[in-house]
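Before any comments, here is the structure.
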Amino acid sequence: MTEAEKQAFLMFAGTMHGHAKATDQMIVGQSQGLRPMSSDLESKFAEVLQTPTQQYSSDDYQRPQQDNFESVEQAAREIVNMHSPVAADVNIVNLLKEINLNLVKIVTTLESNGGQKRTKSTRSA
């Protein structure tokens, strides 16, 4: 891990430890069945703090061969060609209309029943 990676992790873990400690106090409290999580974060933080950092040179990383990858522009063109935006817009509009009609039906049903819940009767055999 480089020094920058270590510092980023320590900042993240420190923030998360603070949130976890507050959450532990609110939720776990004096419970016998729950275990606080902030102590786990605290021990991981201490472990990373003691870990020595390494310096990497640009020669340590191997770049993937570019032959196997498409450019972002090429991938975007293929996606646009696969899905016509007009058809997608029409489908979305139709779905929204159907959802709206279903919501209207639900509201009408609830209002006609006076807003009271209906219970299902069960029969024992």
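What the table shows:
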quantity: Residue within region 53-62 that is small (Gly, Ala, Ser) and at pLDDT 85 or above present; calculated: no
quantity: Tabulated pairs, region 1-23, first outside the structural domain of Arg35 (by TED's automatic domain parsing) and on the phi > 0 side of the Ramachandran plot, second surrounded by fewer than 12 Cβ atoms within 10 Å (Cβ to Cβ) and of a type in the set (Phe, Trp, Tyr), C-beta under 6 angstrom, 6+ apart or interchain; calculated: none
quantity: Top-ranked residue of region 17-51 - restricted to ones that are surrounded by 13 or more Cβ atoms within 10 Å (Cβ to Cβ) and in a loop (DSSP other than H, G, I, E, B), ranked as nearest to the chain's Cα centre (by Cα); calculated: Met37
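The values are calculated or read from the model by the stated rules, or taken from the named source; none is laboratory data. Not measured: the values here are computed from a predicted model. As a convention, Cβ positions derive from the backbone with ideal geometry for all residues, glycine included, and neighbour counts pool all protein chains shown.
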